[in-house]
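The values are calculated or read from the model by the stated rules, or taken from the named source; none is laboratory data. None of the values given here were measured: they were computed from a predicted structure. Ideal geometry is used to build each Cβ from the backbone, glycine not excepted, and the neighbour counts take in all protein chains shown. These accessible areas exclude ligands, DNA and RNA; they are computed on the full protein's heavy atoms, side chains included. Shrake-Rupley method; radii C 1.70, N 1.55, O 1.52, S 1.80 Å.
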Amino acid sequence: MPSEWKPRKYQFEMIKCMVSKPSFGMLWDPGLGKTAVTLAAFKILKDKGIVDSMLVVAKRHIIHNTWPDEIKKWAVFNHLTYEILQGTKKAKALARPRPDIYFINPEGLIWLEKQKGFKWPDMLALDESTSMKHTNTQRFKTMRHILPKFKRRYILTGTPTPNGLLDMFGQMFVLDLGHSLGSYVTHYRTMYFHPAGFGGFGWELNEGADKKIYKQ
């Protein structure tokens, strides 16, 4: 039996932020309710006619378990329909009547971009946004290409910089298309880092660069 979801004060504040901003990063520790907050914001935006549908990009176990479980768990989200575009049956799922939410893993974006006639949702939620921290991957290149299709873009993660601030470029680009940290990771590295480590193939922050990055 679905339960009644009552957002905590901090969750309510995040819902207001997401509804009021076309792009937003929810950088919360695990277990604080990022999924439910995003579903609540989507529901409000959809009810207001601001968005029509949402694409959630996340790891396989998250799109098969975490998000569907949240929809089933809370009565307020039970009416939301969804399709999971992953595995051998993803083409059949795409051919069925359009749902409120599509779930797909990052690698699946490469396949989805090739589907002729697909109408892209107008809201994007990138769950565990560190999947886009490496900008030389095909998944990021595909994401970069499709980003302008979304009116609203949100990222969710509890560990935005597991290996340092270099990891932030790709995630921030998803949000603002390069407005804060630039359009190219090469420029970002040159401005805020210097070669270091064995053979000079690593990168270290310039003195005071962390504060400049946070300000941006």
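Just a few scattered comments:
- Which of V19, V76 is most accessible, then next, and so on - probe 1.4 Å: V76, V19
- Stretch in the chain that is longest and holds no GluC sites (Glu not before Pro) that DSSP places in a loop and that have at most 12 other beta carbons within 10 Å: 5-206
- Applying a threshold of 25 Å to the alpha-carbon distances of K72/K133; K73/K141; K16/K215; K6/K149; K21/K133 flags K72/K133; K73/K141; K6/K149 as lying beyond it.
- Accessible area per residue for the chain, computed on protein heavy atoms with a 1.4 Å probe, is 54 Å².
- Percent carbon-and-sulfur accessible area, the chain, ignoring ligands, DNA and RNA, probe 1.4 Å: 54 percent
- Considering only beta bridges that DSSP places wholly inside the chain, some 15 percent are antiparallel.
- Put simply, segment 1-150 fits an ellipsoid with semi-axes of 24, 18, 15 Å; these come from the alpha carbon gyration tensor as the roots of five times its eigenvalues, largest first.
- Extension gain, L177 back to L32 (0.36 nm per residue minus Cα-Cα distance, nm): 49.5 nm
- Global form of segment 47-105, assessed from the alpha-carbon gyration tensor, a/c cut-off 1.5: oblate
- Rounded to two decimals, the Cα radius of gyration of segment 87-172 over 2.2 N^0.38 Å is 1.15.
- Each helix, a run of at least 4 DSSP H residues, gives -39500 (n - 2.57); summed and divided by the residues of the chain, these come to -10000 deg cm²/dmol at 222 nm.
- Cα centroid separation - segment 25-42 against segment 59-128, whole Å: 17 Å
- By definition, a body whose alpha carbon gyration tensor gives a ≥ b ≥ c is oblate when a/c is 1.5 or more and a/b is not larger than b/c, and segment 1-56 fits this oblate description.
- Gyration tensor over alpha-carbon atoms, segment 145-216, equivalent ellipsoid semi-axes in Å: 24, 13, 12
- With every protein chain in place and a 1.4 angstrom probe, the accessible-area ranking of F169, F198, largest first, reads F198, F169.
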